[in-house]
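Here is the structure we will look at, set down as structure tokens.
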Amino acid sequence: MESLKNTYSLHRIHSRLRLLDETLICNTAGGNKLRKLEYILAGKTPQGIITMGSVYSSHCMATAYWGMRHNIPVHLIIISDEYGKDTVRQYPYLFLSYKMGATVNFTSNESAYDFIEDYKNNYHDFFWIPGGGHTKEGLNAYKELFIKIFTDNKALRSIDWILLPYGTGTTALGIVSALHECKLDIRVIGISVSRTGERCLAAALEFVNKDCIKNLVIDDRFAGKYGQKLENQNTYFTRFIRETGIAVDPIYNIRSIQYYYDENLANGLIVNTGGGGNLYFSEKQVNK
């Protein structure tokens, strides 16, 4: 697989908006999770890989893709309180992961910690990747990318903000680390798709110090609403695709697009991190 380190798709939507579309870096498994995996697994040839995520996880699907391409077994641990014999077929990313050869396991939220620890002990020779690629290497993938972007595109140094969904946080932390190194005063606005701002900040400080994240703004207006379809979500989706030609997923990136319109932002950069497979969920599935 060709290296992603020098590959990115940056678009000028209009005079006051640019968009970095990470879905274009790979037709099958495009998105920020694949870029992180290139850094996490660089120089490694593990006996196998274990990772975890939700039924909507693009990270799990990207890991399955990586394993298939490198002939490495991948075992996925999916955390969900609602699962049965047909669950894999009901969720596009899970089904694609299965079709690419990944072993798919389920556990409830309550049992997740013990299940994961037992699984890791049983497969002690497999390489463990935290959910979402939440590692220092994942952070460095986006630190290096944005240093390159700001080096290649001098005009971007005058934007006011960079907007993206905030899951585990390493993509946003990589961006703020790049800004810190480049000495640029640009806000990074992370829209949490699940956790409170307090929990997001605590996880961020595992990797970076407070000075590094002084330009990071975490908005948690959607905390606790992961996987829910919100009122007027289709309106935001339709408006954005009309204005940009890009269809964002209904789980992650739609949150940042809603924020973009609600706050009437201008003069910035939106990062479309991926998750396009989630477009194929039914409304019933999304609202579970």
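Coordinate-derived values only; no laboratory data. Note that this is a predicted model, so its numbers are computed, not measured. Methodologically, a virtual Cβ is constructed for each residue, glycine included, from the backbone with ideal geometry; neighbour enumeration extends over all protein chains shown.
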(message) Can you list residues from other chains, or at least 5 along the same chain, whose modelled amide H is less than 5 Å from the amide H of PHE127?
(response) GLN47, GLY48, ILE49, ILE50
(message) Once each part is reduced to its C-alpha centroid, what is the distance from the range 30-109 to the range 229-253 in angstrom?
(response) 26 Å
(request) May I ask you to evaluate 6.51 cos²θ - 1.76 cosθ + 1.60, the Karplus curve with θ = phi - 60°, for each residue of the range 263-276 and list the ³J(HN,Hα) values in order in whole Hz, giving x for glycine and proline? (result) 8, 6, 6, 8, 6, x, 10, 9, 9, 8, 7, x, x, x
(message) Given points 7 Å out from each Cα along the Cα-Cβ axis, report the THR28 to ASP262 separation in nanometres with one decimal.
(response) 3.7 nm
(message) For ILE162, what residues show an amide H to amide H distance below 5 Å, using hydrogens built from the backbone and excluding near sequence neighbours?
(response) ARG187, VAL188, ILE189, LEU269
(message) For a quick check: with amide H placed at 1.01 Å from N, whose amide H comes under 5 Å from GLY31's, ignoring anything fewer than 5 positions away on the same chain?
(response) ILE25, CYS26
(request) Counting residues in the chain as N, plug N into 2.2 N^0.38 Å and put the Cα Rg over that result. (result) 0.96
(request) For the chain, give the share of DSSP beta bridges that are antiparallel, in percent and rounded to the nearest 5; count only bridges with both residues there. (result) 15 percent
(request) Kindly give the semi-axes, whole Å and largest first, of the ellipsoid equivalent to the range 35-133, taking each as the square root of 5 times a Cα gyration tensor eigenvalue. (result) 20, 16, 11
